[in-house]
C-alpha cells in the first residue's frame, strides 16, 4: 500500500501548497535533489572529470533504471537534454522523400508538428492527420484504412498536453508492426503517471522527459529505440562519442542507442533523473497510475458539477491531466487566483495543440494535473476555489 505520509515527507513543498501542476514540472523528491547536490559538491571538490569517473557506476546504472521502467534493454536507451531533443534525434534520423506520408494525430504537440512541416518543406513528404473517433481518441480503424506503401512513419503523442486524453498507443503499435512502419511515440506526459511497456505498445521509438510526472529535474530526457531499428538509423548530428573517429577519413557509429548522445552532458542532472526513476519504481508504477486516475477523476467529477465550468478532456478513460474553462474568466485569471490561495495549476494555450484546438474552438484552458503525492483534500480545495468564481 502506498505510504502517502512518507511520500509527502519526501516532498517538503507539499506541506506548503497544493501543487497540481505536474504536467508542467512536478515537485522532486528529496532523494532526487540530494543526488544532484551531492554530485555538484563533488565536482566543486575534485572537478567535473574526476567526479564523473568516481560516479561512473551510478551514472551507468541510470540506463538500467530507465530500461526497467520501459521494459527495454539498457543498450536501447539514450540520455539527452530533454524530450524534444530525444524526439528530434529519432525523427530526423528517418529518411523521407517526395510523396512519403507521415501519419499523426489531431492533438499532436506543436514542437513535433513544426518538425513535420520542416521535413515536408525540405523533402516533399506529406503530413496527414488521422481523424479521431467519437470519444476523441485517434480512430484506429481510420488509421488502418490510411495505410499504404507510401506511409513511412506513424508519430503520435500518447497523452496530449492540453487535457486528459490517452490515445490508444498499443492498438496503433499493432498496426505499425503489421505493416512494418516505424512508430514514434511521444510519451512525455505518460511516463511517470502510467505503465509504459514498449514491448506491449509495439513502438519503435519513444521520447520522454524527466521533469513531469517522473518527478526528475529539468534539462533531462531520454530516447528509446528498438534494437532492430537502431542500426538502420544515422543520427542527424554526431560527435566523437556517438561516432568515434576511427581513421583520418572515417567514423564508426556506436552499436547502441548512445549514438544519439553527445559527449558532454549534465552529470548531476543525470543522477537526479536516475534517482527519480528509482523512486517511482520503488513505489510501483501500477499503484501510481491507479492513484493518479483516482485523484484526476475526483477532480473532474467535482468540477463538472459546478455551474459555469466546462470540462474539456477527451477520451474514454482520461488520465491525470484535467482541462477546463470557467465561464466569464480567462485561464490566466483562474491560475493567478488559485496561486494566491497556494494552489498551483497551469494553462494550456491553443497554439500547443493547434489542430485539435481549432477543430474544437478551444480558448486557452486551465490545466490541473494531480499526482500520487497529492491528497483528496487538496483536490477538494481546488474544487472549492473554482466554485467561488461568480458568473460574469
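The values are calculated or read from the model by the stated rules, or taken from the named source; none is laboratory data. Keep in mind it's a predicted model, so treat the numbers as computed, not measured. Cβ atoms come from the backbone with ideal geometry, glycine included; neighbour counts cover every protein chain shown.
Has segment 63-80 got any residue that is in a loop (DSSP other than H, G, I, E, B) and in contact with a strand residue (DSSP E or B) (Cβ under 6 Å, 6 or more places away or on another chain)?
Yes, because at least one residue in segment 63-80 is in a loop (DSSP other than H, G, I, E, B) and in contact with a strand residue (DSSP E or B) (Cβ under 6 Å, 6 or more places away or on another chain).
Considering only segment 263-282, how many residues are crowded, with 18+ Cβ neighbours inside 10 Å and under 25 Å from residue 379 (Cβ atoms)?
Residues in segment 263-282 being crowded, with 18+ Cβ neighbours inside 10 Å and under 25 Å from residue 379 (Cβ atoms): 3 in total.
Report, by residue number, each residue of segment 114-147 that is more than 21 Å from residue 201 (Cα to Cα) and in contact with a helix residue (DSSP H, G or I) (Cβ under 9 Å, 6 or more places away or on another chain). It would help to see each step written out before you state the result.
First, the residues of segment 114-147 that are more than 21 Å from residue 201 (Cα to Cα): 114-128, 134.
Result: 115, 116, 119, 125, 126, 127, 128.
For segment 237-252, enumerate the residues that are surrounded by 11 or more Cβ atoms within 10 Å (Cβ to Cβ) and more than 17 Å from residue 80 (Cα to Cα).
Of everything in segment 237-252, those that are surrounded by 11 or more Cβ atoms within 10 Å (Cβ to Cβ) and more than 17 Å from residue 80 (Cα to Cα) turn out to be 244, 245, 251, 252.
In segment 218-225, is there at least one residue being in contact (Cβ under 8 Å) with a residue 12 or more places away in the chain and more than 24 Å from the chain's Cα centre (by Cα)?
Checked segment 218-225: no residue is in contact (Cβ under 8 Å) with a residue 12 or more places away in the chain and more than 24 Å from the chain's Cα centre (by Cα).
Between residues in segment 233-259 that are in the same structural domain as residue 79 (by TED's automatic domain parsing) and residues that are assigned to a strand (DSSP E or B) and buried (at least 16 other Cβ atoms within 10 Å of the Cβ), which pairs lie under 6 Å by C-beta distance while being six or more apart or on different chains?
257/77; 257/78; 257/225; 258/78
Among 63, 19, which is within 18 Å of residue 216 (Cβ to Cβ), surrounded by 16 or more Cβ atoms within 10 Å (Cβ to Cβ) and free of Cβ contacts under 8 Å to residues at least 60 places away in the same chain?
Being within 18 Å of residue 216 (Cβ to Cβ), surrounded by 16 or more Cβ atoms within 10 Å (Cβ to Cβ) and free of Cβ contacts under 8 Å to residues at least 60 places away in the same chain holds for just one of 63, 19, which is 63.
Would you please name the residue that is nearest to residue 75 (Cα to Cα), looking only at residues in segment 43-60 that are part of a helix (DSSP H, G or I) and touching a residue at least 40 places away in the same chain (Cβ under 8 Å)?
Top of the filtered list is 59.
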